[in-house]
Every structure is written in C-alpha cells, then in structure tokens.
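Worksheet: the structure to be examined is printed underneath.
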C-alpha cells in the first residue's frame, strides 16, 4: 500500500468513519451562514440573480463534499478536493460580483469564512500540506478580488487593511484545521511505528512458546507411530521384512499429514480456530473457504489483518453460524478477486454502525471493495494484487 | 498498517492537537489585527494607533507560552493578559475618529476570536467548552468595557459568537465521531497481533516440517530400503539421534542452529561444507568450485538452511538422477550468495513430480524461501539438472530489514 496518502482517512480508516457527521454539519452550517449573510446585506446587493447563483454554487460544493466524505466512497481524492475548492472560489467571485455597490462591507462577505470552515471540514480526508497550499491559493484569489472591489467602496480603510480583513478569517481557519490534521496524522504514524515494534517484540517473546507448541504437535504425530517403531528397531537391532513395509507405511502417513498441513492457508487456519457456532476445527475450512488457486497466501499483512478483524467481528454477532459463511478467492488476470458472503440477522442500520469501521479498513487495503446487503445476506467483494 | 490511535491514546492526542489548532487560529487572527493596525497607521499618520500595535505584543507572547505549556496557569495568564491587551487595543482604536471605528470594528473582533481560542490544558469536551466560554466572556467583557469607557455604544458582534459556536460544535462532534471506532479499534489491534503470531507460527512450522523431512522421513526411507539383518551402525546412530533431537531437545529454538560465531566464518564449519561432506560419505562424488569462502558472509540461520537445502539437492542426485557425480559451484556478490548444484543425470520436469514428493518443495524451496532466498530449477529430461539457490548475504539482509 505504498500509494497511501498521509491523511487521517487513509491512515486510520476505522477511526474516521464517524467524521462525516462533523463534515456534514460544517457544510450545512456554511450554507446557512451564506443564506443569513445574504439576507442581512440584501440592500447592498446590486445583482440579486448573481448573488443567488453564488449561494447555489456554494450549496452545490457543500453537497459534493458531503457525498464524497462518505466512508463508503473512500478514499476522498485530490481531484474531488480541487473541484470543491474551485466551486467555492467561483461562489466567492460571484458573491463579490453580486455586491458591486459602494456601501458593501467586506466584513459581511460570507465567502472567505465559509471557505475556511470547509477547509476544516476537509481536514480528515486530505493531507495538511495540500489543504494549506489550497488555502494560500485561495488567499491570493480573495486578496485580488478585494483589491479590485476596494476602489469602488466608500470606506476610510486602506486597501491593504481590507485585504487582510478579507483573508484573515479564512487563513486562520485553514491554518487551525491544518495544524490539527497534521498533528493527528503525525501522532497516528508515531503510534503505528510503536505498535509495530511492540507487536514484533511481543511475537519475539512468544516465539519460544510457539516453537514448543509446534514441537508438541509434531511429537504427538510421531509418538503414535514413529517413536515406538524406532525404539523397537533399536532394541531389536535387526531389520526384518515387516519393518520395511511398516517404515513405508509410516512415512506415507506422515507425508500426507505434512502435505495437508502445508497446503492449509492462514485463512483456513483462521476459520478453523475461530469461535462461534458452526462446524469446528478440522471441518470448517473445507465448508467455508473456496480457494482453488491458493491465492490466500498472496495477501499482504494489512489485508490479512483487515479480513481477520472483520471475520472475528462477524463471528461475534449473536446467531452467526459459520455454515452460512462462504469465502471465495480466485485468480483474475494478474491480480486476485475475493468474495465473502455471510448471513447476518441484523438491520441495515446495525450493519452500518457496527461494521462500518471494518468496512473502512477493508476499503483502505483492498481495491474495488463493494458491499451488498440484502437481508440477511451480506456480500463483500474485493480485489488485490 | 491501518491502525488508528488506540482508545487510551486517542483522547489525549485529539485534545492536544485540537488546542494547537485553536492556537494557530489565534496566532493568525492576532497577526491579522496587527497588520490591519499597521495599515491604518500608515494610511493615517495623524492618528495615534501605535499603542494598539504594542498592546498586541504581550498577548502574542502569552499565547506562545500557553501553546508551549498548556497548563491552567498559562491558559489563565493568557486570558488575563488578553483581557488587558484587548481593552487597551479597543480603547486606542475607539478613542480615535468615529469614521475609523465604523470601518474597523473587525480588527477588534479578530482579537476577541483569539481569546475564544484559549484552548486550555488537556481535558475532555466539558473542560474544553468551559475554556471556550471563559475566553468568550473575557473577550466580550474587556472589549465592551473599553467601548463604553470611550463613549460609544456596544454593538452585537456576530463574528466572535460564530467563532465560539463553530469551535464548540467542532469539538463536540469530533469527540462523538470517535465513539464508533472505540469498539472496533481494540479488535483491529488484536487482529494485527494475531496476524503476526500466525505468521511466526507458520515460519516455525516450515522449519519443523523441513527438519522432520530431513530426519524422520529420510531415515524411515533408509529403513525401508535396508537389507534384512542387523541394523547398520550408521543408520542406528542416525535413528538414535532422531529420537534424541525430536523428543529430548527444543529443536525449533534458534540456539540449536547457532554455530560458534567465530568459527562460523570458516568454510569448514559452514552448513554447505557439512552438506557436501555428508553426501560424499554416502557415495556421491562432488566437485566444489567457485568462491567457497563467500558462504562465510551468511548468518547462521541462512547458512544452516542453505546447507540442508544443498544436502537435499545432492541426495536427490544420488537417489533419482542415476549418476554419482555432481558439482557444487558457489558465487558470492556483495548482496547475495548463489550456490549452483549441477548434475548430468536423468533430469525431470518439476511439475510432473508427484505432489506428495516433498523433497524439492519442502526441504529446498520452502526452506530457502523462509530465509528470504529463491530457488530456480532448470532440468531437461535426459540431460541433467541445475538448481540455483540464491540467499541474501548477512549485510544485505540487515539492510533490507532496515529499509522494510
């Protein structure tokens, strides 16, 4: 996942699934503020149609922002950010064009403050640096517009002061939002590095125990046939024809166990060891996992983690039965495709509130992640390289 | 990794950076107010605005301290200094011409906004909103006092109220937005750790399977092919060792594999040398060529794995290739060591070998892949086989881990 951007949405998909409420509130608030300010300064508006178009333009940009910030449409792209930014700048230009009377007050403009508020709303989805750059470009644009208007305004204020008045609220909101986003992204990255190290250390600490348990598994296989056989031969110190057959037989059985173990993927192991209702150890994987091309092993650690967390979360649902769970993986050209289907006896709302963070992580680590829920069947589709 | 901050760290980080974000807003608005004042003074040299500029400096300094050390003391100090300075600033502006007041009420609003952004020490939503309210009240009180004192009427200031409302809304909603993740985050962290453990277990199982193949399976095969009569002393010794190793020792721990580091650099102590010697003992003639000392650059685990893998290749030559001659060639580069095992025997097609034939898959390919190496096989039925085993040198391995 080297192409991942330094945004909160992409570094912490699960943690940002709930930020949309804030984004939507700020976007709606921005439109509300524009409406109120337009109503208050209606007498200064010389071209009501242009002023109305300006508000409509802002509303359209805000709507776009609300739609694009859905966790189900993640990731929020740079292109989308620029489209929204351009929309708001156009609204600001139209607002200025609609108010070309000498009595207008720069402080009554809703445009720059709304743009600042929207930059804060964009915080979780785009890198801080990109937001700061967008803010700087907007500041130049707004400054230029203010200078052009300053000549026609009846005010004692020097034009430079008017420019500062116009851009300061926008820049302040922009910087505030950027510092917050940058800081959180920095904290998340620092934590991720620490978590990786801690988890590696823990695994290293547990290494001995795991080795012992693997050895125990082997010894269990060996002590049934091999150890008695070897001990017997050593005691007898003579090989008889029956020994040769027995040796072949034991070797074949060990080999077949080893081959079976070797062909079992992490996913099959996970299914067999997971709790919940349904077929248990030794049977579940054969029912649940269909991976004819053996592509489960191609998944990266991130991807395995996402699937593991999702499956564990689903298995935790009451009444979840592993018999209804199907996981299909297959080769598709140079990449691989996956499909997870499960029966969940829950409502649409519960599905989205309880599993949204896992879906967000899945979306961040897989390409073409799709969710389809026709009660009670949940179907997830994804692909990976 | 797609792991967010865990529940015990998230509130602190969010709170800390939220306050710093507020302070960035305060710095910007105060700087804006300063620039506006400078612009007015420059445009109207007859006015006395310089005290207003000076009033902003202690406030900027107090803000800097409150940002560096967000404690109750520094936050309160910022509010107190801010109250005095905003009074001073407003009084300076409002004691000038009426026209000026009409055209520049906004720079006063900027200072008030800077006070609303006080932030305060770390804490939850209620504390944070509390500091915001304190900032708002301080700002309104000090500025209104200055306005009244200079004989003007107080007008309702929507900008500051708006700043207060937006800040509060953002903080409350931001806090609520994390609730959804609060349940999922521990599960994600556990999944990540389980994944690491599963990967580790898998690596150990690969090792165990390869070891089992080299010992038990190999000796069972020897028994199956042995002649009737007394047990051959060599076979007896091997079987005895199997029993000891498999049951008695912790054969999967690294200690067993660690050769003496001082002697490990010696070719004669390398896994490859041992493999060649052992296969020679069972009747294969082996010509070893190339840069043999290069194997000294392998770490113990890789050297051990390489030795066992080459041994398996040589045993395969003896068993299946229908020849008793083979060549082992070693090439060393800075980053990796390549060993080529060549015979001019019967040859085979890898895909056509029986799926339960574990030798090449298990003892060679998996084993080498588990230490980060790669195996390539070229074999033509009737013309022989060449197996190229490439493993990373110890230095290259460290580098690769460092950049991963």
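Kindly establish whether residue A:233 is within 29 Å of residue A:11 (Cα to Cα), assigned to a helix (DSSP H, G or I) and at the interface with chain B (Cβ under 7 Å from one of its Cβ atoms). So that I can check it myself, show each step before the final result.
On the way: within 29 Å of residue A:11 (Cα to Cα): no; assigned to a helix (DSSP H, G or I): yes; at the interface with chain B (Cβ under 7 Å from one of its Cβ atoms): yes.
Against the criterion (within 29 Å of residue A:11 (Cα to Cα), assigned to a helix (DSSP H, G or I) and at the interface with chain B (Cβ under 7 Å from one of its Cβ atoms)), residue A:233 does not qualify.
Apart from one condition, residue B:240 fits all of (1) surrounded by 15 or more Cβ atoms within 10 Å (Cβ to Cβ); (2) more than 21 Å from residue B:340 (Cβ to Cβ); (3) modelled with pLDDT of 80 or more; the exception is (1).
Does residue A:118 satisfy being part of a helix (DSSP H, G or I) and either at the interface with chain B (Cβ under 8 Å from one of its Cβ atoms) or in contact (Cβ under 8 Å) with a residue 60 or more places away in the chain (or both)? So residue A:118 fits the description; yes.
In region B:147-174, the residues that are more than 10 Å from chain A (Cβ to nearest Cβ) and free of Cβ contacts under 8 Å to residues at least 24 places away in the same chain reach residues that are surrounded by fewer than 16 Cβ atoms within 10 Å (Cβ to Cβ) and in a loop (DSSP other than H, G, I, E, B) with C-beta atoms within less than 8 angstrom, at least six apart or across chains, in these pairs: B:148/B:154. On the stretch given as region A:149-172, residues that are part of a helix (DSSP H, G or I) and without any contact (Cβ under 8 Å) to a residue 12 or more places away in the chain total 4.
For (1) closer than 15 Å to residue B:389 by Cα; (2) out of contact with any helix residue (DSSP H, G or I) (no Cβ under 7 Å at 6 or more places or on another chain), each residue gets a yes or a no:
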position	(1), (2)
B:275	yes, no
B:283	no, no
B:292	yes, no
B:320	no, yes
B:329	yes, yes
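Annotation note: Cβ proximity below 6 Å between a residue of region A:347-365 that is farther than 14 Å from residue A:313 by Cα and a residue that is outside any helix (DSSP H, G or I) and at pLDDT 85 or above (sequence gap 6+ or interchain) occurs for A:363/A:369.
Of the residues B:217, B:211, which single one is part of a helix (DSSP H, G or I), within 8 Å of chain A (Cβ to nearest Cβ) and either modelled with pLDDT of 80 or more or closer than 19 Å to residue A:258 by Cβ (or both)? Working first, answer last.
Values: B:211 fails: within 8 Å of chain A (Cβ to nearest Cβ).
One residue alone meets the criteria, B:217.
Return the residues of region B:124-142 that are farther than 27 Å from residue A:30 by Cα and surrounded by 16 or more Cβ atoms within 10 Å (Cβ to Cβ); say none if nothing qualifies.
First, the residues of region B:124-142 that are farther than 27 Å from residue A:30 by Cα: B:141-142.
Passing the criteria: only B:142.
Look at (1) surrounded by 12 or more Cβ atoms within 10 Å (Cβ to Cβ); (2) modelled with pLDDT of 80 or more; (3) away from every other protein chain (no Cβ under 11 Å) and you find that residue B:234 fails only one, number (1).
With the requirement that a residue be exposed (fewer than 14 other Cβ atoms within 10 Å of the Cβ) and at the interface with another protein chain (Cβ under 7 Å from one of its Cβ atoms), what does region B:220-231 give you? Even if it seems obvious, please write down each step before you answer.
Of all residues in region B:220-231, those exposed (fewer than 14 other Cβ atoms within 10 Å of the Cβ) come to B:225, B:227-230.
Scanning region B:220-231 gives B:228, B:229, B:230.
Summed over region A:1-29, residues that are at pLDDT 85 or above and surrounded by fewer than 17 Cβ atoms within 10 Å (Cβ to Cβ) total 2.
The values are calculated or read from the model by the stated rules, or taken from the named source; none is laboratory data. A quick note: this is a predicted structure, and the numbers were derived from the prediction, not measured. Reconstructed Cβ throughout: ideal geometry from the backbone, glycine too, with neighbour counts over all protein chains shown.
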